[in-house]
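Here the structure comes first, spelled out in structure tokens, and everything after it is commentary.
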Protein chains: 2
Amino acid sequence: MRPNEDLVSAAARELSEETGLDSPASHLEQFGTYGSPDRDPRMRVVTVGYWAIVPDLPTPKAGTDAAAARLVPVAEALSSPDRLAFDHHEILTDALARARRALETTTVATRFCPTEFTIADLRGVYMAVWGRSLDPGNFQNKVTDITGFVVPTGERREGSRGRPPELYRAGHAKTIEPPLRRPPA
Amino acid sequence: MRPNEDLVSAAARELSEETGLDSPASHLEQFGTYGSPDRDPRMRVVTVGYWAIVPDLPTPKAGTDAAAARLVPVAEALSSPDRLAFDHHEILTDALARARRALETTTVATRFCPTEFTIADLRGVYMAVWGRSLDPGNFQNKVTDITGFVVPTGERREGSRGRPPELYRAGHAKTIEPPLRRPPA
DNA sequence: TCAAAAGTGTTCAAATTACACCCATGG
DNA sequence: CCATGGGTGTAATTTGAACACTTTTGA
């Protein structure tokens, strides 16, 4: 952190410095703070963790602070407890759990989508973050029943394989009550 | 924080120093970190917030760091946005939300109870934290149906008004799946 | 014309709520 | 013996998963 910076700004700056992703990270959400005295053997560091939504990801470039940067699927990054440095396995696990829960209780998933999107786009976000497949019909019913989650534009997206899907925009609702629970199995 | 202290230890120490409550806070859980540059006009401070479970509360005493200490019901503390100093209204609001959610998804509520407790004791914790009344019969059914939440001792607590209630101990389960949702209205 | 994706609706099972009702004790 | 809180059970309703089925396009 810099002397006159708040936590989110610092997080956004660091993201940019290390990866070159200064595309507008439209959502940065704190999930935890890590401060064991020996978590980084080089020096005493307290880390405040944020997870971000960056729609339409560009290829990351190593920024001023990093030797290299690339995108790694989260399942791969967590595949072994030793794959990441220091306590980063624990941190990433916490971040993922928080993001997964956020999709249940808030409408942030729309931030991963373009301004106009289809229900299938949104379903893709849920499936990616939750790491499971979801029934298209039930997902459609649930999402369109939640007031203020998505609002139809009246337009359709042409050009793809099957029946052209209707386009939606994000609604004004920020939370989902009751939560959109992820189905078992 | 002291040079060789992790975050939870520092939180436990601060709790003790400011209130004299060094009874074993059997649960300390982080909920957020606050770091706006001007949140405390006296100096730059980053605060990591923890909420604690302290069963059978003693009267707090102002410790080495505080002029005075007393217990205040959370509804009263949050009754006005200006009742607490700095950003403490926001912090306490976050803490309460987190504690409320914790009761839905984990078994921490048993930590508020003595080693042996009745379902009514447990229901009292839920009603206090959630700030609403709960149907005794339904609560009983739900809780006893969740495997590993409470285990009967076979004993009863005598001496009270009506039928002597059965006593339970906390089970081994740490999380509740699916969550024990708080009923609407 | 066929396969694929979108979207709607139906069925059956599971969960939830409200509440009736019996139990066991102290006053 | 009756009011009180504990505990069990049930009926009615709601929710949810699975999946059949229609729609509308590109190949």
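Observations on the model:
- Over 15 Å [Cα-Cα, the range B:1-50], rounded percent: 54
- Using θ = phi - 60° and Karplus 6.51 cos²θ - 1.76 cosθ + 1.60, couplings along the range A:98-114 (whole Hz; Gly, Pro as x): 5, 5, 4, 5, 4, 5, 6, 10, 10, 9, 4, 4, 5, 5, 7, 9, x
- Peptide-level mean, for B:36-44, of C-beta atoms on other protein chains within 10 Å: 2
- Candidate lysines - alpha carbon under 25 Å from A:Lys174, same-chain residues fewer than 8 apart omitted: A:Lys142
- Candidates B:Leu167, B:Leu84, B:Leu28, ranked by Gaussian network fluctuation over chain B, Cα under 10 Å, top entry: B:Leu84
- Relative exposure of B:Met43, A:Met127, judged by other C-beta atoms within 10 Å (fewest first): B:Met43, A:Met127
- The range B:63-185 pair-distance distribution - Cα-Cα, 5 Å bins, rounded %: 2, 9, 17, 20, 16, 12, 11, 7, 5, 1, 0
- With a 10 Å cut-off around each Cβ of B:2-12, the average count of Cβ atoms from other chains is 3.
- DSSP-assigned coil residues among trypsin sites (Lys or Arg not before Pro) in the range B:110-185, each with at most 16 further Cβ atoms within 10 Å: B:Arg132, B:Arg157, B:Arg161, B:Lys174, B:Arg181
- Averaging 1/r over each pair of different alpha-carbon atoms in the range B:13-129 and inverting the result gives 15.7 Å, the Kirkwood hydrodynamic radius.
- Backbone amide hydrogens, once placed in the peptide plane, bring A:Thr33 within less than 5 Å of A:Gly49, excluding anything fewer than 5 places away on its chain.
- Each listed q (0.10, 0.12 Å⁻¹) maps to a log10 I(q)/I(0) for the protein assembly as shown from the Debye sum over equal C-alpha point scatterers, namely -0.83, -1.16.
- Annotation: Cα Rg of the range B:32-88 relative to the compact-globule expectation 2.2 N^0.38 Å equals 1.32.
- Estimated D of the range B:114-185 in µm² per second, where Rh is the Kirkwood radius over Cα pairs and Stokes-Einstein applies at 20 °C, 1.002 mPa s: 164
- In sequence order, the range B:121-129 has phi-based couplings of 4, 4, 4, x, 4, 4, 5, 5, 6 Hz under the Karplus curve 6.51 cos²θ - 1.76 cosθ + 1.60, θ = phi - 60°, and Gly or Pro positions carry x.
- Exposed-site-free run, longest, chain B (rule: GluC sites (Glu not before Pro); DSSP loop; at most 14 other C-beta within 10 Å): B:1-115
- With helices as the sole contributors, the protein assembly as shown gives -9500 deg cm²/dmol at 222 nm; each DSSP H run of n ≥ 4 counts as -39500 (n - 2.57), and the sum is divided by every residue.
- Qualifying trypsin sites (Lys or Arg not before Pro) in the range B:1-104, DSSP loop, other Cβ atoms within 10 Å at most 13: B:Arg42, B:Arg44, B:Lys61, B:Arg70, B:Arg83
Laboratory data are not the source of any read-out in this text; all were calculated from the coordinates shown. Just so it is clear, the structure is predicted and the values come from calculations on it, not from any experiment. Backbone-built Cβ (ideal geometry, glycine too); neighbour counts: all protein chains shown.
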